[in-house]
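What follows is a set of notes on a single structure, which appears directly below.
The values are calculated or read from the model by the stated rules, or taken from the named source; none is laboratory data. Quantities reported herein were computed from a predicted structural model and do not represent experimental measurements. Positions of Cβ are backbone-derived with ideal geometry, glycine not excepted, and every protein chain shown enters the neighbour counts.
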Amino acid sequence: MKKTLLFISLLICLVAGNCIVSSKNTVKSESNSFLIYEKKEPDNATIALRALNRKKAKEGRTTTLEQKRVDIEKQIIKTPSNIKTKRDKIAGIQVEWLIPDGSPKNKVVFYVHGGGWSRGGLIYSRNLGTILARETGFKVLTLQYRLSPENPFPAALNDVEKVYNYLVKNYGSNTKISIVGDSAGGNLMFSLLNRLKNTNDKFPTAVVGVSPATDLTRDSQLFSSDSDSIHAIDKGKDINIIDQYVGKHDRKNPLISPLYGDLKGLPPMLIHVGGREDLIDDILAYASKANSQGVNVKCKIWRGMFHDFQLMDNASNISKQANKEIAQFLKQHLGN
């Protein structure tokens with residue numbers, strides 16, 4: 001309820017041209033705010049894509065997890081010839097490099113894929129991974145972290161941490177590393193930041209959260225939404241992916257629900273959320289808390305857009321625009 005009221009307040013401020021940017025209700029102009037609203041209306045192609053996305057989400061209720069795992073690995077974005085792929089293994093974890101021709105050696109984008117902690121792998125990661133490599137010109141590293149329910153929390157987080165620590169240790173002090181995570185991958189990325197803070201390890205230079213899941217408690221939209229795109233409630237052939245992942249652990253553990261962590265001192269971050277995002281309240285609550293605790297955060301609401309719409313780069317001009325803005329942010333912090 002509190003997050004819903006926060007969301008309404010933020011939107012009212014945006015409409016008025018101002019925005020609440022701290023817990024003390026200090027008001028700044030939108031141009032200086034951490035929260036930005038994209039006023040451009042989605043084009044007809046994007047609206048059609050949104051309808052198709054809803055249809056597929058509804059159909060997903062009748063699909064088993066095994067079939068979902070097969071379907072998600074069907075590549076959407078073609079990797080161009082000027083981006084080479086290279087498989088490797090880090091600390092026993094399967095990884096893949098996406099290396100654009102002429103990419104600098106001292107800049108790395110570490111991409112953590114989504115899929116509800118239960119689906120997705122290296123082929124699926126090529127979708128947004130290819131887009132990031134294409135738009136930034138930087139090397140992108142993806143990973144096959146262990147999936148739930150076979151490997152519940154903290155298996156996936158441990159895998160992400162191992163690969164990140166390898167990058168920090170083996171690529172020298174002059175290498176700038178950023179992390180991009182979408183959906184469940186955004187959850188793992190923000191959870192990793194909380195763990196790095198606890199261990200006093202090196203933060204990435206900057207991070208990007210695309211439709212990140214920030215709250216896995218039963219008060220979150222994962223449980224309150226009745227949308228077909230949210231799969232936290234048993235329905236049809238679906239399993240409760242959240243309960244399967246969390247198990248008996250405390251849901252307010254900041255390594256599970258990053259929203260409940262101490263966010264002071266975290267690196268610069270960009271967060272993208274669709275205006276029709278099922279998790280919009282949870283995401284805005286995280287961005288607001290990060291801002292109030294002094295984090296350099298920009299959160300952009302994309303009018304009329306849906307969960308993980310950036311993955312539809314080959315079909316939506318809005319998705320293309322969003323990905324170019326993500327690349328611009330990464331270039332700004334890693335250097336052109």
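Among the residues of region 34-62, those that are more than 23 Å from residue 314 (Cβ to Cβ) and β-branched (Val, Ile, Thr) comprise 36, 62. Of the listed requirements (1) surrounded by fewer than 21 Cβ atoms within 10 Å (Cβ to Cβ); (2) of a type outside the set (A, V, I, L, M); (3) under 21 Å from the mean Cα position of the chain (by Cα), residue 164 misses just one: (1).
Tally up the residues in region 283-323 that are closer than 14 Å to residue 39 by Cα, in contact with a helix residue (DSSP H, G or I) (Cβ under 8 Å, 6 or more places away or on another chain) and of a type in the set (Lys, Arg), please. Residues flagged as closer than 14 Å to residue 39 by Cα, in contact with a helix residue (DSSP H, G or I) (Cβ under 8 Å, 6 or more places away or on another chain) and of a type in the set (Lys, Arg) within region 283-323 amount to 1. Exactly one residue among 335, 304 is at positive phi, in contact with a Pro (Cβ under 6 Å, 6 or more places away or on another chain) and surrounded by fewer than 23 Cβ atoms within 10 Å (Cβ to Cβ), and that residue is 304.
The residue that is nearest to residue 242 (Cα to Cα), among those in region 194-221 that are of a type in the set (A, V, I, L, M) and surrounded by fewer than 24 Cβ atoms within 10 Å (Cβ to Cβ), is 196.
I'd like to check something: does region 263-270 contain any residue that is within 18 Å of residue 132 (Cβ to Cβ) and buried (at least 20 other Cβ atoms within 10 Å of the Cβ)? Yes: region 263-270 contains one or more residues that are within 18 Å of residue 132 (Cβ to Cβ) and buried (at least 20 other Cβ atoms within 10 Å of the Cβ). If you go through region 174-191 and pick out every residue that is in contact with an Asp or Glu (Cβ under 6 Å, 6 or more places away or on another chain) and buried (at least 24 other Cβ atoms within 10 Å of the Cβ), you end up with 1.
All of 251, 276 fail the test of being closer than 16 Å to residue 184 by Cα and either at pLDDT 95 or above or of a type outside the set (Ser, Thr, Tyr) (or both), apart from 251. If you go through region 41-72 and pick out every residue that is surrounded by 12 or more Cβ atoms within 10 Å (Cβ to Cβ), free of Cβ contacts under 8 Å to residues at least 12 places away in the same chain and not hydrophobic (A, V, I, L, M, F, W, C), you end up with 3. A count restricted to region 278-294 and to residues that are crowded, with 24+ Cβ neighbours inside 10 Å and in a loop (DSSP other than H, G, I, E, B) stands at 1. Taking region 290-317, which residues are basic (Lys, Arg) and more than 26 Å from residue 194 (Cβ to Cβ)? Across region 290-317, the qualifying residue is only 303. Consider residue 176 carefully, then state whether it is of a type in the set (D, E, K, R), under 21 Å from residue 329 (Cβ atoms) and in contact with a His (Cβ under 8 Å, 6 or more places away or on another chain). Against the criterion (of a type in the set (D, E, K, R), under 21 Å from residue 329 (Cβ atoms) and in contact with a His (Cβ under 8 Å, 6 or more places away or on another chain)), residue 176 qualifies.
Let's see how each residue does on (1) touching a residue at least 24 places away in the same chain (Cβ under 8 Å); (2) within 30 Å of residue 62 (Cβ to Cβ); (3) among the acidic types (Asp, Glu):
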| position | (1), (2), (3) |
| --- | --- |
| 244 | yes, yes, no |
| 248 | no, yes, no |
| 257 | yes, yes, no |
| 267 | yes, no, no |
| 273 | yes, yes, no |
| 291 | yes, no, no |
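Looking at the structure I just gave you, is residue 105 assigned to a helix (DSSP H, G or I), of a type in the set (Lys, Arg) and over 21 Å from residue 210 (Cβ atoms)? Taking the combined requirement at face value, the residue does not satisfy it. Within region 77-101, the residues that satisfy the criterion of being assigned to a loop (DSSP other than H, G, I, E, B) and either in contact with an Asp or Glu (Cβ under 8 Å, 6 or more places away or on another chain) or loosely packed, with under 15 Cβ neighbours inside 10 Å (or both) are 77, 78, 80, 81, 82, 91, 92, 101.
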